[in-house]
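Participant: Before anything else, here's the structure in question.
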Amino acid sequence: MSARLGAAERARFDALLERVLAQLPPRIVAMLDESPLVVDDAASRELLQGMGMNPNEDDLCGLHTGVAQTERSVLDSGQLPDTIQLFRRGIIDEAGGWDVWTDEAGNPCGGEEAVAREIRITLLHEIGHHFGLEEDDLRRLGYE
């Protein structure tokens, strides 16, 4: 499957992202003023390799780049702002795709609501990293 998405699929994803953002508490959305939100189709091969991931097998839903609030010092002044990235293809794949289907256990998977749910989880996960939460903290909160 190509990492590049078509214009219609991008628009569909971006509309869901806007809906998710509109449903978040204003205090959470305000946090994005500190860290720009960048949405790309997929992580680059170089980024995946740099993270020790296999670009032929692994996907990435999101990434926080920068220094967590809990680790900043005055020595960090003059640095570029933190960035939160969402990767459309990784999120869509993690959600099970655009179409609703049933797994072997009879559980529903995929569909637009699943994609919206994964957008929300990924966004809150990356905001959590911005504020110093570790993977274990995020797992306990249900944002993995």
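Participant: In nm, to one decimal, how far is the R45 label point from the A7 one, both placed 7 Å along Cα→Cβ?
Facilitator: Rounded to a tenth, the inter-label distance reads 2.8 nm.
Participant: Residues of region 11-31 with amide nitrogen under 11 Å from the 7 Å Cα-to-Cβ point of E112?
Facilitator: 12-13, 15-16
Read-outs: derived from the displayed coordinates by stated rules, not from any lab. These numbers were taken from a predicted model, which means no experiment stands behind them. Cβ: placed from backbone, ideal geometry, glycine included. Neighbour counts: every protein chain shown.
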